[in-house]
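Structure record follows, encoded as structure tokens.
The values are calculated or read from the model by the stated rules, or taken from the named source; none is laboratory data. Keep in mind the model is a prediction, meaning the values are calculated, not measured. Every residue, glycine among them, receives a Cβ derived from its backbone with ideal geometry; neighbour counts consider all protein chains shown. For the accessible areas, the whole protein counts, side chains as well, though only heavy atoms, and no ligand, DNA or RNA atoms are used. Shrake-Rupley method; radii C 1.70, N 1.55, O 1.52, S 1.80 Å.
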4 protein chains.
Amino acid sequence: MCRWLAYSGSPILLDTLLYKPAHSLIDQSLHSKLGVETTNGDGFGVGWYTEGNDNPALFKDIGPAWNNRNLRELADHVHSPLFFAHIRASTGTAVQQTNCHPFRHGRWMFMHNGAIAGFHLMRRELMLLVDPELYADIGGSTDSEVMFYLALTYGLDEDPPAAVARMAEVVERTGHEHGVEFPLQMTLAITDGVRLWAFRYSSGRTSRSLFYSSKVEALRRLHPDVRFLRDISDETRLIVSEPLGDLPGAWHEVPESSYGVIQPGGDEMYSFIPSAA
Amino acid sequence: MCRWLAYSGSPILLDTLLYKPAHSLIDQSLHSKLGVETTNGDGFGVGWYTEGNDNPALFKDIGPAWNNRNLRELADHVHSPLFFAHIRASTGTAVQQTNCHPFRHGRWMFMHNGAIAGFHLMRRELMLLVDPELYADIGGSTDSEVMFYLALTYGLDEDPPAAVARMAEVVERTGHEHGVEFPLQMTLAITDGVRLWAFRYSSGRTSRSLFYSSKVEALRRLHPDVRFLRDISDETRLIVSEPLGDLPGAWHEVPESSYGVIQPGGDEMYSFIPSAA
Amino acid sequence: MCRWLAYSGSPILLDTLLYKPAHSLIDQSLHSKLGVETTNGDGFGVGWYTEGNDNPALFKDIGPAWNNRNLRELADHVHSPLFFAHIRASTGTAVQQTNCHPFRHGRWMFMHNGAIAGFHLMRRELMLLVDPELYADIGGSTDSEVMFYLALTYGLDEDPPAAVARMAEVVERTGHEHGVEFPLQMTLAITDGVRLWAFRYSSGRTSRSLFYSSKVEALRRLHPDVRFLRDISDETRLIVSEPLGDLPGAWHEVPESSYGVIQPGGDEMYSFIPSAA
Amino acid sequence: MCRWLAYSGSPILLDTLLYKPAHSLIDQSLHSKLGVETTNGDGFGVGWYTEGNDNPALFKDIGPAWNNRNLRELADHVHSPLFFAHIRASTGTAVQQTNCHPFRHGRWMFMHNGAIAGFHLMRRELMLLVDPELYADIGGSTDSEVMFYLALTYGLDEDPPAAVARMAEVVERTGHEHGVEFPLQMTLAITDGVRLWAFRYSSGRTSRSLFYSSKVEALRRLHPDVRFLRDISDETRLIVSEPLGDLPGAWHEVPESSYGVIQPGGDEMYSFIPSAA
């Protein structure tokens, strides 16, 4: 299992969220409180959008995030209005850059915490369902990347929630055919560089933790003294595997079996149900 | 493309062949003479058999062999009667341990120099031909590993030359269906820990270089002063991508479209033709 | 801080101690119970002696031990009668192979858990005390390696306990000159390939945990059903940062301010006091 | 030995110089034409200045530059008006991030191609000459980093050419005392984020290659069709170990024993002579 963070809002230095908070993602890499494992040291990745390039930049490494000097450097120099960060705790799959999140396809970015139970049994069948045009682009060996390519196959470009719902349905159906009772466990973040979708779902309704930050406006009223809140725009929003600190009123749990959209003009939350096309 | 070395004979220190010769594999990693690239610095691997374990040990790393301190250490301490060593020059595939040769399955070891032309186009089709029971064990993203798993699918355990011939036939047929004129380019080494097979073949009859060492007996007569030759058994044999030095009479080219078997009781050479089952 | 293990006795597979025990060193890399940090993921090292080479082999890597596939391979294939293993939790020094333990000089091996408090302040002074002939061999930037080279400077070759006592005295004196009240915190293992010394000491008499295994004879009587105990010689002995499991009667704490010698003919324990020459 | 590139001018994407040119630094990492070694695969580094931070960002890795995916990503997303890039061919020193150039101290950046002959003999003496306040900041084990810290010791902050001249004098004097005829071989780039100094010098007057680019104005007249030249400011300047391509009139050799300053208001070239304070 893993921990992740997705940010959308005023351009900020990565450091502000990766290192500065009391329970930052770096702290979570050593001392996760809500994860399956306390240590998330099997590689990490950061993906961010910059001006002048529709596709996000990726930086990944196979060592732990907490001692990575290059990540420390980038965090001090890279500003971005939309970025993902992910720390990995492998459940056995190889620790290599092609297995580190976020994954990218064109302007799309995808990251995942969770697992397909029994993936070893159904890897081949799921791979066969991937669009043959996309198949050869799969670079790693994780269940997460297959989930991403299934979502791409099922129309991520046109309708992300529908594509993810279909992917989830296919994974559950395939799992059930192999006698796996609860095949899917996922918290997902997906973005095209403009909008950001976050999903919380699991076949057994026991989904991993996921939180979103309160509206900045409300937080400013609650905490008029917190400088950071004055510097960011009203539309700034964070989605995280676990809260980055103890600021009262700052965090809300994403409800079980639901997803949210962070977008210009107003964020929204919906319920999520796997579904065939 | 890559360079490799396969050894079978009296147990020797890896150093004897990996570092000591004038044009050792380490030297070839920087200054290959007969390879497609002079530099082979995209990862490496060594596999060796030890007493008390039917399966070989593997050591792989993603940096160049020439500056790897762990390889230098192992070479000074590991003795083996049968080992493979491989240095990689990637043609674009990710540089990660799961893409480093040799590959292993149970007691089998496999390494390759060459490529499937147009692999990106036919990766999915070839993967589909792999025995579903074996599919999920594929850990990397190279054409070489798919070739290994196809050979396993086609009976490597029972009849290695027949399994390789069928794999080659399938790769060529699939390539031709995609309009690739010369789909296969390969020099292969395969072993089960007892016998060792080496293949040299390419669809266009322009195979990469491959050499085998002369009989030790003959070499001893030619070079009575070379101490190394006195220390090794009569059955010792080397197969290499390029000669390790200039000892006259030491090296013979493996003929185009042929394969050899190194085995207790007498080595043999045959012609090689891809063939359906 | 770090965790380590030193073994001397019947030749065994590294796996037997590195992976097999319930609270093996690999388990300690993720879930140390007695260490300063629960996670020890900033590189690791193994050093072992083999027949035909007076100098030990070293294998080191900068990632965590728990996900290292090469270590897993070596553990399944390397037998040794005397080996060290070390997992590192950096206190800020760079994570690089030259900072991984064990350190080696000729046939000597050295590993350490602890720290010199205020090392940054006195690094230069301590380096100046290293024998100029040895100075340029220092490859890393840790306090531990400087401690090793000071011990070599003060006669490790002739009288290890005296050399370590002098090193400790010099470190404490230098620390006190810089106003550091308790400069030294150390548990050390040192070997020349025949004898093995282990030290437990700290300036404030608050030394990190260190344990030695009971006599095999006694353990066999206590646990006649434990097969491992029947396979090893009477002289087999382990020194560890924390017990590898819960076998009653198996482990004894090394007393504060003392050191032990494991050697052919009978092990011994003495008190340890830093002392000038 | 190594290869490097220093850029000062209009903010450009790193890709423009690191990957795009026919004989880019990436091409030089595999096929250097003027270097001592054709392969420069023992680690690399990039350092760049960004708005809002006086200190440069560093990205370093220990593998070859040619297959590094993170470097490829950064090159596509990072713009900078002043950056250094360096590819390393180790002459034996450990391949680790702390030995990769550029080195940094506060806002200063430093990179080097060359060597101190006999460095092993005089490492200790040279280290002793480093300002004790700076000593503990030395993180690696190269001669280059010691040269940087000696220059810092001798007043780099106030007068860079004088500080480098004094460093060179000290290295030569120490070398001569050890019987080394030609102790110093160097091409150096140094910057404080505003001005950029480049030095070409060697004790035997056989300095490694170094080139600077022609004035942009002149190049535009010569090559009115080269689009890149229209996009950059008149003050743009490059210093490189070897030319990045064959554009006639583009490159001039830095004369033996000289240094240049690239600065707002007009670049200048002077002769360089090691000198005591």
Which condition from (1) open to solvent by 10 Å² or more (accessible area, probe 1.4 Å); (2) facing another protein chain (nearest Cβ under 8 Å) is the one that D:Ile26 breaks?
(2)
Scan region B:130-140 and tell me whether some residue there is within 13 Å of chain C (Cβ to nearest Cβ), among the small types (Gly, Ala, Ser) and touching a Leu at 6+ places or on another chain (Cβ under 7 Å).
no
Whichever residue in region B:99-129 is among the aromatic types (Phe, Trp, Tyr) and away from chain A (no Cβ under 14 Å) and, among such residues, is farthest from B:Met186 (Cα to Cα)
B:Trp108
Given the criterion at pLDDT 90 or above and either more than 25 Å from D:Tyr154 (Cβ to Cβ) or not basic (Lys, Arg) (or both), identify the matching residue among D:Ser233, D:Ser258.
D:Ser258
Tell me which residues, restricted to region B:238-258, are open to solvent by 30 Å² or more (accessible area, probe 1.4 Å) and outside any loop (DSSP other than H, G, I, E, B).
B:Trp251, B:His252, B:Glu253
Residues that are more than 17 Å from A:Arg237 (Cα to Cα) and modelled with pLDDT under 95: which helices (runs of 4 or more DSSP H) entirely in region A:1-92 hold 3 or more of them?
A:25-31
Residues being at positive phi and aliphatic (A, V, I, L, M): count how many of those fall in region A:116-163.
0
If we take region B:99-205, then helices (runs of 4 or more DSSP H) inside it with 3 or more residues that are under 19 Å from the mean Cα position of the chain (by Cα) and within 18 Å of B:Gly45 (Cα to Cα) are B:143-153
Residues being open to solvent by less than 20 Å² (accessible area, probe 1.4 Å) and within 14 Å of chain A (Cβ to nearest Cβ): count how many of those fall in region B:141-155.
5
Filtered residue count, region C:78-87, keeping only those that are within 12 Å of chain B (Cβ to nearest Cβ) and closer than 21 Å to B:Asn68 by Cα:
1
Name every residue in region C:5-25 that is aromatic (Phe, Trp, Tyr) and more than 19 Å from C:Thr191 (Cα to Cα), in order of residue number.
C:Tyr19
Pairing a residue in region C:190-206 that is on the phi > 0 side of the Ramachandran plot with any residue that is buried (at least 21 other Cβ atoms within 10 Å of the Cβ), where Cβ atoms lie under 9 Å and the two sit 6 or more apart in sequence or on different chains, gives C:Gly193/C:Tyr49; C:Gly193/C:Pro56; C:Gly193/C:Leu82; C:Gly193/C:Met109
Taking region B:234-277 on its own, how many of its residues are in contact (Cβ under 8 Å) with a residue 40 or more places away in the chain and out of contact with any strand residue (DSSP E or B) (no Cβ under 7 Å at 6 or more places or on another chain)?
11
So for region B:88-98 (the condition being open to solvent by 10 Å² or more (accessible area, probe 1.4 Å) and within 14 Å of chain C (Cβ to nearest Cβ)), does at least one residue qualify?
yes
Members of region C:61-77 found to be open to solvent by 10 Å² or more (accessible area, probe 1.4 Å) and facing chain B (nearest Cβ under 7 Å), listed by number:
C:Arg69, C:Glu73, C:Asp76, C:His77
Please go through region D:30-60 and give me each residue that is facing chain A (nearest Cβ under 10 Å), of a type in the set (S, T, N, Q) and open to solvent by 40 Å² or more (accessible area, probe 1.4 Å), ordered by number.
D:Asn53, D:Asn55
Go through region D:109-136 residue by residue and tally those that are out of contact with any strand residue (DSSP E or B) (no Cβ under 7 Å at 6 or more places or on another chain) and under 19 Å from D:Leu156 (Cβ atoms).
11
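The rows are residues; the columns are (1) closer than 30 Å to D:Met167 by Cβ; (2) modelled with pLDDT under 95; (3) open to solvent by 30 Å² or more (accessible area, probe 1.4 Å); (4) in contact with a Lys or Arg (Cβ under 9 Å, 6 or more places away or on another chain).
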{"site": "D:Leu196", "(1), (2), (3), (4)": "yes, no, no, yes"}
{"site": "D:Phe199", "(1), (2), (3), (4)": "yes, no, no, no"}
{"site": "D:Ser203", "(1), (2), (3), (4)": "yes, no, no, no"}
{"site": "D:Glu217", "(1), (2), (3), (4)": "no, yes, yes, no"}
{"site": "D:Asp225", "(1), (2), (3), (4)": "no, yes, yes, no"}
{"site": "D:Phe228", "(1), (2), (3), (4)": "no, yes, yes, yes"}
